[in-house]
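A.B. asks: Sharing a structure, written as structure tokens. Questions coming.
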Amino acid sequence: MPVIPSPFSESHAKTRASDIVTAHIQREIRSRGLGPGERICSEKELQAITGISRAGVREALRTLEHEGLIRTKTGPGGGILVGQPAIAPLGRTVEAFRHLAGVEPAALVDAWLELAVTCARLAASRATPDDVEALRQIADDYRALNLEQASFDAVARLNLGFVRRTAQAAQNPILLLFLDALIDLIYSAAATRPPSLEQRRELVSVHDRVVDALQSGDGDAAARRMHRHLSALRLLLLDQNNGPHRGGPS
């Protein structure tokens, strides 16, 4: 969103150059309805519009390109193009905060659980037939695993993939963004206490029940069943229960 200079600043000139450049680019993307790959302007045009020096503009563009908001292209038809915002920088920020603030893994799971439960509730009213079919396929792929011999990676990727696909079905890109920012951290946390064979087996029916709720449009049931699914992971991280999680009614 546009940068609004602080009322305590002496003048707009004191606003960081990168903030001015970012605000202009974001405004252009929104007002013109630009999508990934479309041209915003040239570097010279950006200098003229913002009044920022060439060095200042280039420094700001490097930061924006690193974050995925824009990309630059040389030659005919080149200039500053709309990029694809990257999730990685947000994930790295969360990871850095977790270490510096001493945040326990269970807190990450709490946040991820609440995001996933909200997504499941929304997905019950927004999921398309293609969404339901994709989730059924993930559930079937999980069922087909030899759970006694399957690696942690195989089990985790299907389970995390199931949650992520449910979030996609919710059709809320902001919720998906934050859920994606946590997914690698959740994987690493879960790897410290892999689920038992009985817990692996229990997930077969959990997946099916979540998809059934989404297909029937029952948001409360979808949210409740997703909560049960991820509460088992939380209990593992808290080391409160060595057996399968026995939640409330499904």
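The values are calculated or read from the model by the stated rules, or taken from the named source; none is laboratory data. None of these values were measured; they are calculated from a predicted model. Cβ sites come from the backbone with ideal geometry, for glycine too, and all protein chains shown count toward neighbours. Only protein heavy atoms, including side chains, enter the accessible area calculation; ligands, DNA and RNA are left aside. Shrake-Rupley method; radii C 1.70, N 1.55, O 1.52, S 1.80 Å.
A.B. asks: In square angstrom, what is the accessible area per residue of the chain with a 1.4 angstrom probe? Present the calculation step by step, with values, prior to reporting the outcome.
C.D. replies: Numbers: 13540 Å² over 250 residues.
It amounts to 54 Å² per residue over the chain.
A.B. asks: Shifting gears a bit: As a test of the formula, what do you get for the chain when each DSSP H run with n ≥ 4 contributes -39,500 (n - 2.57) and the sum is divided by the residue count, at 222 nm and rounded to the nearest 500 deg cm²/dmol?
C.D. replies: On the way: 10 runs with 166 residues, N = 250.
The helix contribution divided over the chain gives -22000 deg cm²/dmol.
A.B. asks: With mean projected area of the Cα convex hull in nm² in mind, check (i) 12.5; (ii) 17.6; (iii) 26.8 and report the label derived from this structure.
C.D. replies: Evaluating mean projected area of the Cα convex hull in nm² on these atoms matches (ii).
A.B. asks: Still on this model: With the full set of protein chains in place, find how many percent of the accessible area of the chain is carbon and sulfur; take the probe as 1.4 Å.
C.D. replies: Carbon with sulfur: 54 percent of the solvent-accessible area.
A.B. asks: Would you tally the net charge around residue 165, using a Cβ to Cβ cut-off of less than 14 Å, leaving residue 165 out, and scoring K and R as +1, D and E as -1?
C.D. replies: Working: positive: 126, 136, 157, 164; negative: 130, 131, 133, 140, 141, 180.
Combined, the nearby Lys, Arg, Asp and Glu give -2.
A.B. asks: Considering Cα pairs under 8 angstrom that are at least six residues apart, work out the relative contact order of the chain and quote it in whole percent.
C.D. replies: Relative contact order comes out at 19 percent.
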